[in-house]
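S.K.: Mind having a look at this structure? Questions to follow.
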């Protein structure tokens with residue numbers, strides 16, 4: 001009987017830990033202002049733009065997320081445009097009232113185009129992959145997270161890519177302000193965002 005009660009208490013604590021972060025981390029709409037993004041091979045361009053994100057939890061520990069971003073810059077008469085979208089399905093693994101993890105299956109598209117008005121080069125490719133994030137509640141208002149992502153691109157060259165994600169949020173009730181840095185194999189991006197949790 002003691003074992004059953006202890007197990008029920010553990011399950012209850014894990015559920016409370018998961019629900020404590022649900023609104024902030026898995027039920028939200030978010031607007032990112034991408035303040036700087038670069039591709040390592042063509043670092044003359046400092047891409048800027050926006051990213052929209054939306055996430056919704058369902059079931060006990062599942063969630064889905066949508067992302068879309070649009071960036072551009074010009075240099076010496078050349079326009080550089082990048083857009084991408086991503087769909088994720090994930091599962092939350094609560095560990096304590098301060099720590100939880102999630103794993104995600106991802107599918108998306110990356111469209112990169114350089115144009116001088118006469119000629120256009122670039123690529124448009126689908127990708128799929130997996131990612132995992134660790135979330136830590138530093139205080140009641142401050143949440144830190146770090147993630148690792150693997151992508152498989154549908155192009156012959158550079159068809160494997162990994163990314164590191166680092167971020168932090170400060171929560172004011174239903175509104176959170178945050179920052180995120182993402183380092184891909186061939187590019188990186190720094191963004192500031194505002195999030196509304198529901």
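S.K.: Of the conditions (1) within 14 Å of the chain's Cα centre (by Cα); (2) modelled with pLDDT of 95 or more; (3) surrounded by 15 or more Cβ atoms within 10 Å (Cβ to Cβ), residue 89 fails just one. Which one is it?
M.R.: Evaluating residue 89 over (1) within 14 Å of the chain's Cα centre (by Cα); (2) modelled with pLDDT of 95 or more; (3) surrounded by 15 or more Cβ atoms within 10 Å (Cβ to Cβ) leaves (3) as the failure.
S.K.: Can residue 83 be described as surrounded by 13 or more Cβ atoms within 10 Å (Cβ to Cβ) and either in a loop (DSSP other than H, G, I, E, B) or under 13 Å from the mean Cα position of the chain (by Cα) (or both)?
M.R.: Judged against the criteria, residue 83 is not a match.
S.K.: Here's a follow-up. Does residue 25 fit the bill of being buried (at least 20 other Cβ atoms within 10 Å of the Cβ) and either in a helix (DSSP H, G or I) or touching a helix residue (DSSP H, G or I) at 6+ places or on another chain (Cβ under 8 Å) (or both)?
M.R.: yes
S.K.: Looking at 181, 145, 136, 170, can you tell me which residue is surrounded by 13 or more Cβ atoms within 10 Å (Cβ to Cβ) and over 25 Å from residue 48 (Cα atoms)?
M.R.: 136
S.K.: Hey, any hits in segment 45-52 for a residue that's surrounded by fewer than 14 Cβ atoms within 10 Å (Cβ to Cβ) and at pLDDT below 95?
M.R.: Yes, some residue in segment 45-52 is surrounded by fewer than 14 Cβ atoms within 10 Å (Cβ to Cβ) and at pLDDT below 95.
S.K.: Which fully enclosed strands (runs of 3 or more DSSP E) of segment 127-198 have 2 or more residues being touching a strand residue (DSSP E or B) at 6+ places or on another chain (Cβ under 6 Å) and touching a residue at least 40 places away in the same chain (Cβ under 8 Å)?
M.R.: In segment 127-198, 142-153, 175-184, 187-197 are the strands (runs of 3 or more DSSP E) which contain 2 or more residues that are touching a strand residue (DSSP E or B) at 6+ places or on another chain (Cβ under 6 Å) and touching a residue at least 40 places away in the same chain (Cβ under 8 Å).
The values are calculated or read from the model by the stated rules, or taken from the named source; none is laboratory data. None of the values given here were measured: they were computed from a predicted structure. Glycine gets a Cβ as well: all are built from the backbone with ideal geometry, and neighbour counts include every protein chain shown.
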